[in-house]
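Heads up, the thing below is written out as structure tokens.
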Amino acid sequence: MMDINFSNIFKEIIENSKKEAQLHNSKVIGPEHLLLSLLSVPDCKAVAMVQQSINGVSIDELRSTLNNELPIESEPIVLD
């Protein structure tokens, strides 16, 4: 089996995706939470790639739209 090392930015994105899920009272961390977390890290190469492909839309606008589209579950939860 191969050992995989994760960058500090990747670890930050994973940890922040947990916070995004909690903000939406989600019982699970889904791809949408991972995307929101990814878009919150300005030094990430992937964010630069997304920025290039969304002509005229800022990352903040994209995050805001995604947050508004994501439903908030009825009861708050705590992810361990």
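The values are calculated or read from the model by the stated rules, or taken from the named source; none is laboratory data. Note that this is a predicted model, so its numbers are computed, not measured. Virtual Cβ from ideal backbone geometry, glycine too; neighbours counted across all protein chains shown. Ligands, DNA and RNA are excluded from the accessible area calculation, which covers all protein heavy atoms including side chains. Shrake-Rupley method; radii C 1.70, N 1.55, O 1.52, S 1.80 Å.
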Spacing of the two label points (7 Å from each Cα toward its C-beta) at Asp3 and Gln51, in nm:
3.4
Rolling a 1.4 angstrom probe over the protein heavy atoms, how many square angstrom per residue are accessible across segment 30-71?
65
At a 1.4 Å probe, what is the % contribution of carbon and sulfur to the accessible area of the chain?
56
Formal net charge of residues neighbouring Ile9 (Cβ-Cβ distance under 14 Å; K, R +1; D, E -1):
-1
Radius 15 Å from Cβ of Val50, net charge of other residues (Lys, Arg +1; Asp, Glu -1)
-2
Determine the gain in length on full extension of the stretch Asp60-Val28; use 0.36 nm per residue of separation and subtract their C-alpha separation, reporting nm with one decimal.
9.1 nm
Rounded, prolate or oblate: which fits the chain, taking a ≥ b ≥ c as square roots of the Cα gyration tensor eigenvalues, rounded meaning a/c under 1.5, else prolate when a/b beats b/c?
oblate
q = 0.16, 0.21, 0.25, 0.34 Å⁻¹: log10 I(q)/I(0) that the Debye formula gives for segment 13-53, counting C-alpha atoms only
-0.38, -0.59, -0.75, -1.08
Relative contact order of the chain (C-alpha contacts under 8 Å, at least 6 apart) in percent is 37
Using θ = phi - 60° and Karplus 6.51 cos²θ - 1.76 cosθ + 1.60, couplings along segment 44-52 (whole Hz; Gly, Pro as x):
7, 4, 5, 5, 4, 5, 5, 4, 5
